[in-house]
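Shown next, in structure tokens, is the structure this report addresses.
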Amino acid sequence: MRYGGWVIAVVASGLSISPFALPAPSHAEPAYISVVREYVDTVVRPMVNNPVVLKAIKDQNVRFGDVSKTDIQVLDGTYRSEVETGQFQMISKLMMNPVSRYLKSKQDNSQGVIIEFFVTDKNGLNVGESRTTMDYWQGDENKYLRTFARDSDETFIDRAERDDVTQILETQASFTIRDETGKAIGIATVTIALDAI
């Protein structure tokens with residue numbers, strides 16, 4: 001019975017109720033949030049603070065230092081087209097770079113906890129990925145907007161969902177990556193299998 005229906009039923013029965021007896025609204029975060037946050041803080045963040053990852057992000061930030069919105073749309077459109085057609089050129093180059101191979105090794109060694117692992121530059125463009133993502137630009141998504149765009153050090157953990165194909169209950173966690181000086185240079189996103197954590 002919904003909250004309002006419960007109150008009506010009690011009042012209709014002629015019972016008096018104390019305001020302290022009413023169910024309190026629940027503002028507690030789902031149980032998986034704290035588990036995922038701890039995993040990210042203790043396992044994933046140290047993986048990202050690796051010279052191979054940091055150097056690749058800094059290099060791409062220099063290469064795409066003055067990239068325009070139009071250029072970003074072209075890059076993202078090319079990537080998406082390759083995903084749809086299976087004609088991988090841009091994607092193959094990205095998947096073969098040292099950062100992607102490093103992230104793939106971390107995914108493979110995670111005992112099924114990490115389903116996907118990628119990092120971006122300051123524009124939200126992928127620098128390395130453990131598997132092919134659906135798009136190349138993350139700058140219009142919450143994973144970027146709730147972290148890098150806010151210059152936040154909080155881990156953004158998305159709503160848990162069950163994958164339609166694999167039936168794995170999963171969530172994405174994202175956080176800002178900083179260089180040795182504390183400057184924000186990109187983001188990391190990891191998709192975590194909640195059934196395996």
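The values are calculated or read from the model by the stated rules, or taken from the named source; none is laboratory data. Since the model is a prediction, treat every value here as computed from it, not as a measurement. Ligands, DNA and RNA are stripped out before the accessible areas are found, and what is left, the full protein with its side chains, is counted by its heavy atoms. Shrake-Rupley method; radii C 1.70, N 1.55, O 1.52, S 1.80 Å.
Which whole-number percent gives the relative contact order of the chain, counting Cα pairs below 8 Å spaced six or more residues apart?
Numbers: 281 pairs, mean separation 38.0, N = 197.
Computed over the chain, the figure is 19 percent.
Restricting to DSSP H runs of at least four residues, report the calculated mean residue ellipticity at 222 nm for the chain, -39500 (n - 2.57) per run over all residues, nearest 500 deg cm²/dmol.
Numbers: 8 runs with 74 residues, N = 197.
One gets -10500 deg cm²/dmol as the mean residue ellipticity at 222 nm.
Express the accessible area of the chain per residue in Å², computed with a 1.4 Å probe while the remaining protein chains stay in the model.
Details: 11310 Å² over 197 residues.
For the chain, the solvent-accessible area averages 57 Å² per residue.
For segment 106-117, in order, what is each residue's ³J(HN,Hα) by Karplus, 6.51 cos²θ - 1.76 cosθ + 1.60 with θ = phi - 60°, in whole Hz (x at glycine and Pro)?
Those phi angles translate into 5, 5, 4, 8, 8, 6, x, 6, 8, 9, 7, 8 Hz.
Need the C-alpha centroid separation for segment 150-175 versus segment 58-73, integer Å.
Cα centroid to Cα centroid, the span is 26 Å.
Can you put Leu75, Leu54 in order of accessible area, largest first, using a 1.4 Å probe?
Leu75, Leu54
Using each residue's phi in segment 37-51, evaluate 6.51 cos²θ - 1.76 cosθ + 1.60 at θ = phi - 60° and report the 3J(HN,Hα) Karplus result to the nearest Hz, with x for Gly and Pro.
These are the phi-based 3J(HN,Hα) values: 4, 5, 4, 4, 5, 8, 10, 6, 4, x, 5, 6, 7, 10, x Hz.
Figure the gain on full extension for Thr70 and Arg178 (residue separation times 0.36 nm, minus the Cα-Cα span) and round it to one decimal in nm.
Working: separation 108, 0.36 × 108 = 38.88 nm, distance 2.65 nm.
Result: 36.2 nm gained on full extension.
Expressed in nm to one decimal, what extension gain is obtained for the pair Arg159 and Val52 from 0.36 nm per residue of sequence separation less their Cα-Cα distance? Mind dumping the intermediate values first?
Details: separation 107, 0.36 × 107 = 38.52 nm, distance 3.03 nm.
Answer, rounded to one decimal: 35.5 nm.
Given a 1.4 Å probe and every protein chain left where it sits, what share in percent of the accessible area of the chain is carbon and sulfur?
Details: 6130 of 11310 Å².
Answer for the chain is 54 percent, counting heavy atoms of protein chains only.
Hey, could you pull the Cα Rg and Dmax for the chain, both in Å?
21.5, 74
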